[in-house]
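Taking it in order: structure first as structure tokens, then the write-up.
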Amino acid sequence: MKYVSTRGTAPELTFEDAMMTGLARDGGLYVPDVIPTLSHDDIAEMAGQSYEEIAFTVMRPFIGDTFTDDEFRDLIEAAYAGFNHAARAPLKQLDSNHFLLELFHGPTLAFKDFAMQLIGQMFQASLTRSGKRITIVGATSGDTGSAAIEAFRGLDNVDVFILFPHGRVSEVQRRQMTTPVESNVHALAMDGDFDDCQAALKDMFNDFEFRDGVNLAGVNSINWGRVLAQVVYYFSSAVSLGAPHRKVSFTVPTGNFGDIFAGYIAKRMGLPIDQLVIATNQNDILHRTLETGAQVKEGVTPSISPSMDIQVSSNFERALFEAYERDGAVVAEQMDELKDKGEFTISQGAIDMLRDTFASGRASEDETYATIKTELMLSGELLCPHSAVGVTVAGDHLGETPMITLATAHPAKFPAAVEKATGQHPDLPPHMADLFERDERVTRVPSDLDALQTLIKERIQN
Ligand SMILES: *Cc1c(COP(=O)(O)O)cnc(C)c1O
């Protein structure tokens with residue numbers, strides 16, 4: 001299995017190198033050169049299997065000879081051993097034909113743990129083998145950072161730097177990033193919003209001298225390893241509702257298009273998915289793109305679902321690559337336009353493909369509060385604001401086919417919004433109960449590439 005860039009000119013890589021590299025050298029994102037498929041029987045066999053067994057079957061065809069079967073099984077076991085639910089990704093029923101996929105039972109209470117815990121294991125195995133040392137720099141709207149720090153803290157051959165927008169993450173998110181005591185963890189509070197953090201990160205990757213000098217590795221949602229790990233729970237949940245004999249639909253709260261793209265891969269692999277619904281908050285660039293056929297950047301308006309407060313949706317490039325029948329040159333042109341003019345128009349053929357593949361909707365702040373409140377009354381489920389965006393949008397797409405909405409974070413990660421909606425204060429689980437008593441360690445940084453690079457070089461020499 002080889003990996004190719006969505007912009008068509010970066011060298012082809014193995015799974016291992018694509019995973020360690022993150023962003024391709026032509027600015028594109030790595031994708032497998034062919035998407036493997038599972039047969040009806042392969043999927044039928046997953047009925048009754050553990051999450052880990054399903055994970056092995058789904059991901060094995062993508063990893064080539066990076067790991068042996070036994071190694072890969074062990075890495076999967078280790079990745080999910082720290083989860084607080086035996087099922088890893090349990091399904092809850094909300095209504096006769098509407099289900100909630102709880103993806104928040106990992107160590108940092110958001111779905112990011114599913115991918116980050118696994119790539120933490122895979123990075124460590126690969127680095128131990130090669131003896132290399134790497135510098136991970138990540139940009140986060142909150143949850144990626146805490147999940148990355150949790151997965152990489154204390155590892156010998158890794159320094160991890162996380163850029164988050166100062167003042168724009170929840171207190172629980174910030175404390176999860178600033179309280180780990182390990183010296184290889186560096187939390188950086190940057191001036192600006194998440195898109196500024198993401199832009200600074202991209203600039204670091206495009207500065208090859210810096211990139212090679214510090215052995216830069218990326219773990220943002222553009223990392224193929226992360227997308228791959230997220231494909232698994234589409235299979236596990238669909239199978240528990242009767243796939244492959246019965247179709248299911250999914251609604252996915254998304255901003256950076258990572259999670260929903262994993263659903264698209266599951267469908268391409270042969271999972272019978274009917275609708276794939278994109279749910280956005282008031283920062284609705286993805287919904288507008290599908291409606292109008294043009295992607296037009298506007299300002300970000302901070303919302304109660306901050307992990308989706310985004311106008312530059314990185315993984316959308318992967319969908320665009322498929323929509324343009326894998327023509328990297330066209331994708332590169334459109335991405336240049338976006339960078340230069342803040343917008344681009346998708347061709348008729350490509351937008352038709354995207355509209356056939358994805359539905360979309362948006363939830364306002366008021367609708368999101370209302371859903372948190374009514375869902376608690378109707379089903380007893382306390383939703384985080386992101387999950388509530390999903391449940392709101394799913395409401396417009398319910399039908400004969402069972403709908404699974406992804407619950408992307410635990411309500412206790414966003415207590416202020418949940419309390420405002422319901423009057424109930426969601427408690428942190430016991431393993432995090434003392435989070436507000438721990439000491440914080442954070443560096444304020446300007447939105448300035450030189451300053452960031454200097455700081456990183458200084459820190460990794462110590
Ligand atoms: C990251 C995140 C999202 C959005 O994920 P995408 O990568 O944009 O699909 C949604 N909800 C929560 C809680 C998140 O942490």
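Of the strands (runs of 3 or more DSSP E) that lie entirely inside the range 66-167, those containing 3 or more residues that are out of contact with any Lys or Arg (no Cβ under 7 Å at 6 or more places or on another chain), touching a residue at least 24 places away in the same chain (Cβ under 8 Å) and within 16 Å of the ligand (Cβ to nearest atom) span 158-165. Considering only residues in the range 431-448 that are in a helix (DSSP H, G or I) and within 25 Å of the chain's Cα centre (by Cα), the one that is modelled with the highest pLDDT turns out to be 435.
In the range 347-390, the qualifying residues are those that are open to solvent by less than 10 Å² (accessible area, probe 1.4 Å) and among the β-branched types (Val, Ile, Thr), and the one that is nearest to residue 419 (Cα to Cα) is 372. For residue 361, the criteria (1) touching an Asp or Glu at 6+ places or on another chain (Cβ under 7 Å); (2) more than 30 Å from residue 135 (Cα to Cα); (3) assigned to a helix (DSSP H, G or I) hold in every case but one, which is (3).
With respect to residue 181, is the statement that it is in contact with a strand residue (DSSP E or B) (Cβ under 8 Å, 6 or more places away or on another chain) and more than 16 Å from the ligand (Cβ to nearest atom) true? For residue 181, the condition - in contact with a strand residue (DSSP E or B) (Cβ under 8 Å, 6 or more places away or on another chain) and more than 16 Å from the ligand (Cβ to nearest atom) - is not met. Residues of the range 400-419 that are farther than 18 Å from residue 142 by Cα and free of Cβ contacts under 8 Å to residues at least 60 places away in the same chain: 419 alone. For the range 262-283, state whether one or more residues are of a type in the set (Ser, Thr, Tyr), at pLDDT 95 or above, within 16 Å of the ligand (Cβ to nearest atom) and open to solvent by less than 10 Å² (accessible area, probe 1.4 Å). Yes: one or more hits.
Residues of the range 204-229 that are within 16 Å of residue 313 (Cα to Cα), open to solvent by 10 Å² or more (accessible area, probe 1.4 Å) and out of contact with any strand residue (DSSP E or B) (no Cβ under 6 Å at 6 or more places or on another chain): 221 alone.
Residues of the range 297-326 that are surrounded by fewer than 16 Cβ atoms within 10 Å (Cβ to Cβ) and modelled with pLDDT of 95 or more: 325, 326. Among the residues of the range 61-109, the ones that are over 23 Å from residue 404 (Cβ atoms) and open to solvent by 60 Å² or more (accessible area, probe 1.4 Å) come to 9 in all.
Results for (1) more than 30 Å from residue 207 (Cα to Cα); (2) touching a residue at least 40 places away in the same chain (Cβ under 8 Å); (3) within 16 Å of the ligand (Cβ to nearest atom), shown as yes or no for each residue.
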position: 373; (1), (2), (3): yes, yes, no
position: 380; (1), (2), (3): yes, no, no
position: 386; (1), (2), (3): yes, yes, yes
position: 393; (1), (2), (3): yes, yes, yes
position: 398; (1), (2), (3): yes, yes, no
position: 430; (1), (2), (3): yes, no, no
position: 444; (1), (2), (3): no, yes, no
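Whether any residue in the range 344-357 is of a type in the set (Phe, Trp, Tyr) and free of Cβ contacts under 8 Å to residues at least 40 places away in the same chain is what I want to check. No; the residues of the range 344-357 include none that is of a type in the set (Phe, Trp, Tyr) and free of Cβ contacts under 8 Å to residues at least 40 places away in the same chain. Within the span defined as the range 12-33, every residue fails to be at positive phi, open to solvent by 30 Å² or more (accessible area, probe 1.4 Å) and either part of a loop (DSSP other than H, G, I, E, B) or touching a Leu at 6+ places or on another chain (Cβ under 6 Å) (or both).
Somewhere in the range 254-261, is a residue more than 16 Å from the ligand (Cβ to nearest atom) and either open to solvent by 20 Å² or more (accessible area, probe 1.4 Å) or of a type in the set (A, V, I, L, M, F, W, C) (or both)?
Within the range 254-261, not a single residue is more than 16 Å from the ligand (Cβ to nearest atom) and either open to solvent by 20 Å² or more (accessible area, probe 1.4 Å) or of a type in the set (A, V, I, L, M, F, W, C) (or both).
The values are calculated or read from the model by the stated rules, or taken from the named source; none is laboratory data. For clarity, every value in this text was computed on a predicted model and none was experimentally measured. Cβ atoms come from the backbone with ideal geometry, glycine included; neighbour counts cover every protein chain shown. To get the accessible areas, we keep the full protein, side chains included, count just its heavy atoms, and leave off ligands, DNA and RNA. Shrake-Rupley method; radii C 1.70, N 1.55, O 1.52, S 1.80 Å.
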